[in-house]
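S.K.: Structure in structure tokens, see below.
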Amino acid sequence: MPVKLVRGGPRRRQFEAFIADATDGLFRTGHLMTGDAGAAEDLVQETFIRIARRWDRVRVMDHPVAYARRVLVNLAVTEAERRCRQRAELTPQPTWFESADQAAARALGEVEDLAEFRWALAKLPPRERAVLVLRYWADLPTAEVAAILGCSTGTVKSSASRGAARLARVLPQPSPARQPGIAARGK
């Protein structure tokens, strides 16, 4: 547990309170970034270890949770390649008569819930995934997302646009009968 890295009564209690306040939000961000609860827990743990090593500087920041989120997102983006390789090794390859796009469309057609969306989100490149998670789920302004990712606001906007377009291509479009408040025509 990273708390052991922080010595001293009041400092340790502050760090423990920080962990209690930040864990849920960091876990949700990590889970959306990775698509895997175990990997999200690992990211949160590594984030807290890194924060603990710098706790004297972090605890006096105006927004220590925002700093922790930045650490977590940077960890997620840098480790995404390794996770993609592991996932590719475990994912069945499409058959000889089915393209990868057809296999993805078929798989998405079989699942109709949040897991489906998380799967599609996990297929995005790490930077686009990070932009979508931070911009739309963490509801951060474009400028803050740009600061977290170390890029321009234009890059955030274009990455969000590309990521949303890729999600729209991968996710099946709901039929009128499945959309809330819209009755099927002709009945």
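S.K.: In whole Å, how far is the Cα centre of region 23-62 from that of region 144-167?
M.R.: When both Cα centres are located, 21 Å separates them.
S.K.: Moving on to the next point. I want to check the label-to-label distance for ARG13 and TRP119. Put each point 7 Å from Cα in the C-beta direction and report it in nm to one decimal.
M.R.: 4.9 nm
S.K.: Which order do GLU116, GLU144 take when ranked by solvent-accessible area (1.4 Å probe, heavy atoms of all protein chains), largest first?
M.R.: GLU144, GLU116
The values are calculated or read from the model by the stated rules, or taken from the named source; none is laboratory data. Note that this is a predicted model, so its numbers are computed, not measured. Please note: Cβ atoms are built from the backbone with ideal geometry, for glycine as well, and neighbour counts cover all protein chains shown. For the accessible areas, the whole protein counts, side chains as well, though only heavy atoms, and no ligand, DNA or RNA atoms are used. Shrake-Rupley method; radii C 1.70, N 1.55, O 1.52, S 1.80 Å.
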